[in-house]
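Nothing in this text is a laboratory measurement; each read-out follows from the coordinates by a stated rule. Note that the structure is a prediction, hence the values are computed from the model and not measured. Please note: Cβ atoms are built from the backbone with ideal geometry, for glycine as well, and neighbour counts cover all protein chains shown.
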């Protein structure tokens, strides 16, 4: 967890419901940001670090499900908790298929809401970490020379140093040097670690 | 030649009799000179008798008069009796219908002159004409009534035939009609003796007549009329003329009516009545005609009285000619004042002034004027409320001669069942309101979940803050105010629903139509949101105050708006729009248009949409429009579908404006 409080984006057209939700989330040291509609959210959104989105599905203007599509297109990646006053199974199924984090019926138990929010934020945190890691590996991979990348590919595919040397008609010594360089650049302390990092690269 | 005393007395007697006759009697010789005539000729020809005697007819008669009778004179002088009717203008200025009876005076086959008897039959003819006129008038009325009564047609035409038959009989017998003349002497004891009569007595009335008895009518007089004879003699003896009518039974056993004129002669010297001259007329047929007429009239009345409706026939001046008992009974307080000859105005004024007619807070005088203005209300009906909760419907029809047949029907029962029907419909509307709330239950649950969520969130937010900080948070007041507001909002939603479902039939009063529309939009709030419906409300400046029963008009708006919203659900029209447009039509009414851009109404049910159980919705009873139309009609308007070129549907109705004064 980071030191700065996580942020809950609250999208609801009912002023008092929205304000009350914010009041609730702020009681557990979260920051609530209010939006009166999905349109208003898309207009005003900026990434404020780890957090989640609470979306009321029954709203005028851009409907909830359409809003989900637009958010994905815009790479707004915070987990989304759908809230509706009306158990609508087909809508819920569609929402979950679109990758919604959870689906709650209003009025919802505050413990469940807060817990769900916390789960969503934790999920976001780990997602962000994973993304960061992927990003750093991606950056490190950029540092490899073409020959080093080729050597890495062959190594993680299970070939021995000797086999790789034969493949390139180079000496085993040269291959050994490339391998140490790759491990240094990718910050891998063992061959097993190197294989894991290479696997992440493929994603 | 010397006449004996008795001959002179006899002659004088004859002269006296002749002079008292209501006919010209006389004798004309071969030279067509008047030899003798009775006193009446002085009146008719305006000359003294001395001058007339010896005068030639050609001199006496005006040229036209002479031409009229010339041929008849030729006949009588040729020895042939003349009995003809002619119309002649006499020098006294009168034109008379006369019966000319010339009887040749012949001896050994040679004509010496002729007797004449000229009777004025104008009266009789006039009476006949009048009778015919009355019959014609009655015919006309019967025709009117017949048309009106329809189902009594046959009965009446049967009566017509009977009357025609009686007329025919009358015509035949009236030709046989004749006068009888006879004379009594009265002695000092008051005893009467028949001294002379025209001799047709026994011929007419058979051997039952014993002319030697002065009371010769008595044996054949109808026993119910004997008292008339007694009274008659008393009258005559006290030197007063008398005219009496009584019945006798003639030789053939027929009842005949006689009219008897009696004239006493008073002898001053003797200070008593010495002679009574009597002329008797057979008026049987006239009486029978009159009776038939009366009978006819009675039958007509009987027919009218046996109708269940009240009937009044007015002439062209709107005076009452005929009416039946029903119309009298329909107006227990003022009906007794209905009588022939009264004007329509007098009749209704009596009803209004007796407080029998409820004049709707209008001045009685004005009510009467308005009623007169709508009389006759040909082609439409006029319902009148009476005290005691009764209702009378008036239907008028004009007759060919400008009169008015006015029928009054008691429609109280109909009105009562109408009231019952309205009550039932109000009940049904109430049930439907509950049903529509049922349909809306899930939408309402959402509506309520909003403020409840607010309350729960604030309360939990507060509790959590208290747990962690152990002291009231800074925004405690704001949170509590929010909780209170949300509580109020829940209460409002619940009471809206409760009001809508449970309110019943408040009377019409001043209401703001704008408020009504907004309240209904409130009720439908969650549905409107769910379907993203945009609404546009247009009211006249200063709003629209209407005179309505609020709950009923709310129901109408609810039904129309809910139908529109449901139609959006069916079609998925985008973007859905509902318009409520209100504008004045005139001083009295607002026009309300409720439009949507939904799929409109299916052509297959478009003619039936106001009928119950017709719907194109997946749910619902199909009662909404039927109820709405009943409500609007109850408010004096009409609800209908407006044909527009635009897609969707548009309903129009009118509402009575509240009059600010």
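Just a few scattered comments:
- Between the stretch B:1-69 and the stretch B:236-278, the alpha-carbon center distance in angstrom: 26
- For peptide A:105-114, the mean count of partner chain Cβ atoms within 10 Å of a residue's Cβ comes to 4.
- Cα-Cα P(r), the stretch B:5-120, percent of pairs per 10 Å interval: 14, 46, 33, 7, 0
- The Rg/Rh ratio of the stretch A:7-133, with Rg taken over Cα atoms and Rh as the Kirkwood radius over Cα pairs, comes to 0.93.
- Our note on the geometry: Cα centres of the stretch B:472-494 and the stretch B:309-351, 73 Å apart.
- Calculated FRET efficiency for the pair residue B:229/residue B:298, C-beta based, R₀ 25 Å, to 0.05: 0.30
- Each of B:541, B:19 was scored by other Cβ atoms within 10 Å of its Cβ. Arranged with the fewest first, they read B:541, B:19.
- Within 10 Å of the Cβ of each residue in B:223-232, the mean number of Cβ atoms contributed by other protein chains is 0.
- Stokes-Einstein D in µm²/s, Kirkwood radius over Cα pairs - the stretch B:508-661 at 20 °C with 1.002 mPa s viscosity: 136
- Between residue B:411 and residue B:363, the FRET efficiency from the beta-carbon distance, with R0 = 30 Å, is close to 0.70.
- Radius of gyration and maximum dimension Dmax of the stretch A:144-202, Cα, Å: 10.5, 29
- Taking other C-beta atoms within 10 Å as the exposure proxy, B:384, B:8 rank B:8, B:384 from fewest upward.
- Relative to the globular-protein estimate of 2.2 N^0.38 Å, the Cα radius of gyration of the stretch B:286-396 stands at 1.18.
- Here is the size of the stretch A:76-189 from its Cα atoms: Rg then Dmax, 24.0, 71 Å.
- From least to most packed, judged by other beta carbons within 10 angstrom and beginning with the fewest, B:650, A:52 follow the order B:650, A:52.
- Length released on extending from residue A:48 to residue A:126, taking residue separation times 0.36 nm less the Cα-Cα span: 26.5 nm
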